[in-house]
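The values are calculated or read from the model by the stated rules, or taken from the named source; none is laboratory data. This one's a predicted model, so the numbers in the text were calculated from it and none came from an experiment. Positions of Cβ are backbone-derived with ideal geometry, glycine not excepted, and every protein chain shown enters the neighbour counts. Side chains are part of the model used for accessible areas, which takes the heavy atoms of the whole protein and leaves out ligands, DNA and RNA. Shrake-Rupley method; radii C 1.70, N 1.55, O 1.52, S 1.80 Å.
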Amino acid sequence: MNALKSGNYRDKHPFGAECLRNLVLLYFDIDNFEDSEPLLYIAKNIWEKSYGKDHPHYSSCLTNLGNLYYRMGDFEKAMPFLVQAREIWGKVLGKDNYEYGKSLNNLAMLNYSIGNYEESELQFSEAKIILEKSISRNHPDYSENLKGLAKLYLKIKKVYKF
């Protein structure tokens, strides 16, 4: 692990960025956000230098940074990362792709958390359509989307029409 934290390999090679990403995901599972943040920035810089900004690895890193700040309750910091990730997913993979739908769902949850319910509803609804077409209705991410939409509707006292 020390080699990851202080070596040239880590700072320059995509394999090093992948190792850092995996470590960050482990840290996420144990709510170790403090150690996650600097590692994500190192990985982001490696992905950018190696592949450019219009690459799924770079977008995934932005998503992880957005989710990190979301989980830390720093919604203002989370927003630009999640917006940029969504834009890249749409550009690179198309707006009917699973990753784009997931990114919309992330933004919907963030907008819900900051009380922007109208935008949240639009994003949850669009994500639902995309996820419904791109993955199974039995997929956990589809269920997560429905849960978020239901939570929003309870909050704004709206009845969903089937």
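Checking the condition within 17 Å of M79 (Cβ to Cβ), surrounded by 15 or more Cβ atoms within 10 Å (Cβ to Cβ) and modelled with pLDDT of 95 or more, which residue from L152, L107 passes? Lay out the reasoning, then the answer.
On the way: L152 fails: within 17 Å of M79 (Cβ to Cβ).
Selected residue: L107, the only one of L152, L107 that is within 17 Å of M79 (Cβ to Cβ), surrounded by 15 or more Cβ atoms within 10 Å (Cβ to Cβ) and modelled with pLDDT of 95 or more.
Hey, could you check the stretch 133-142 for residues that are part of a helix (DSSP H, G or I) and either at pLDDT 95 or above or open to solvent by less than 60 Å² (accessible area, probe 1.4 Å) (or both) and say which is farthest from M79 (Cα to Cα)? Please lay out each step first, then the result.
As a first pass, look at the stretch 133-142 and keep what is part of a helix (DSSP H, G or I): 133-134, 140-142.
Imposing the further condition that a residue be either at pLDDT 95 or above or open to solvent by less than 60 Å² (accessible area, probe 1.4 Å) (or both) reduces the set to 134, 141-142.
Values: S134: 25, D141: 20, Y142: 22 Å.
Restricting to residues being part of a helix (DSSP H, G or I) and either at pLDDT 95 or above or open to solvent by less than 60 Å² (accessible area, probe 1.4 Å) (or both), the top hit is S134.
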Review point. So A43 fits all but one of (1) crowded, with 22+ Cβ neighbours inside 10 Å; (2) outside any helix (DSSP H, G or I); what number is the exception?
Key: (2)
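Please go through the stretch 48-63 and give me each residue that is assigned to a helix (DSSP H, G or I), open to solvent by less than 60 Å² (accessible area, probe 1.4 Å) and within 18 Å of V83 (Cα to Cα), ordered by number. Show your work before the answer.
The initial filter retains those residues of the stretch 48-63 that are assigned to a helix (DSSP H, G or I), namely 48-51, 56-63.
Add one more test, that the residue is open to solvent by less than 60 Å² (accessible area, probe 1.4 Å), and what stays is 50, 56, 58-63.
Listed by number, the residues that qualify are P56, Y58, S59, S60, C61, L62, T63.
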Practice item. Quick one: count up the residues across the stretch 46-76 that are free of Cβ contacts under 8 Å to residues at least 12 places away in the same chain and farther than 25 Å from A108 by Cα. Key: 2
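Quick one: how many residues across the stretch 82-134 are among the charged types (D, E, K, R) and either under 22 Å from L68 (Cβ atoms) or touching a residue at least 60 places away in the same chain (Cβ under 8 Å) (or both)?
Step one: list which residues in the stretch 82-134 are among the charged types (D, E, K, R), which gives 86-87, 91, 95-96, 99, 102, 118-119, 121, 126, 128, 132-133.
Checking the rest, the ones that are also either under 22 Å from L68 (Cβ atoms) or touching a residue at least 60 places away in the same chain (Cβ under 8 Å) (or both) come to 86-87, 99, 102, 119.
Total satisfying the criteria: 5.
Report yes if I114 is more than 27 Å from H57 (Cα to Cα) and either small (G, A, S) or under 17 Å from the mean Cα position of the chain (by Cα) (or both), otherwise no. Walk me through how you get there before you give the answer.
Details: more than 27 Å from H57 (Cα to Cα): yes; either small (G, A, S) or under 17 Å from the mean Cα position of the chain (by Cα) (or both): yes.
Yes: the conditions hold for I114.
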